[in-house]
Amino acid sequence: MNGWSALILLLAFLMVPVPYVAACPIQKQAATISAHNDIYTVTLSTEPEKVQVAKPFSAKIVVCRKDNEKFDGRLRLDAKMPEHGHGMNYLPVVRKLEDAIYHAVGLIFHMPGKWQFIIELEERDNFEKLKLDYVLK
Ligand SMILES: [Cu+2]
């Protein structure tokens, strides 16, 4: 292998993540939190950015697969306070906005403290659960 071939191989290797980033933009805004496992990266941003105690808010969720494939499954969202052993008093409604992007409305954190968003992803025969911590002050 000559120097040019090695350089081209190196460039090809370095370029692999580019289509992934383009196809699945990770949101960069103040209220974005994220979690990942071996298969997925999930980001969640709340609207409004600063959640108020006992006030309804919504959330935008983006699901990215680490293998660059499009997420083609079902998403469920719930939230709980792990230290208190309870969840929310209302069920949020989640709908798909476009491929890999979801919108949840009707979220209400009725007390301050450590909350955890729980995102369940079901895709073909695979079931994954990701948890995103959120401290409500
Ligand atoms: Cu609580």
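Quick notes on this structure:
- Residue order, fewest to most surrounding Cβ atoms within 10 angstrom, among 61, 108: 108, 61
- The residues packed around residue 86, meaning those with a beta-carbon under 14 Å from its beta-carbon, carry a net charge of 0 if Lys and Arg are +1 and Asp and Glu are -1.
- Candidate aspartates and glutamates - alpha carbon under 15 Å from residue 129, same-chain residues fewer than 8 apart omitted: 38, 78, 120
- Estimated inter-spin distance, residue 91 and residue 125, nm [label 7 Å along Cα→Cβ]: 2.9 nm
- Candidate lysines - alpha carbon under 16 Å from residue 60, same-chain residues fewer than 8 apart omitted: 28, 50, 96, 131
- Dipole magnitude of the range 26-136, debye to nearest 20 (Cβ charges: Lys/Arg +1, Asp/Glu -1, about Cα centre): 360 debye
- Sequence of 90, 40, 134 once ranked by neighbouring C-beta atoms within 10 Å, starting from the fewest: 90, 134, 40
- The range 26-136: C-alpha gyration tensor shape, a/c 1.5 cut-off, then a/b vs b/c: prolate
A short reminder: the numbers here are calculations on the coordinates, not readings from a lab. The shown structure was predicted, so the numbers you read here are calculated from the model rather than taken from an experiment. Counting neighbours? That spans all protein chains shown, and the Cβs are built from the backbone with ideal geometry, glycine included.
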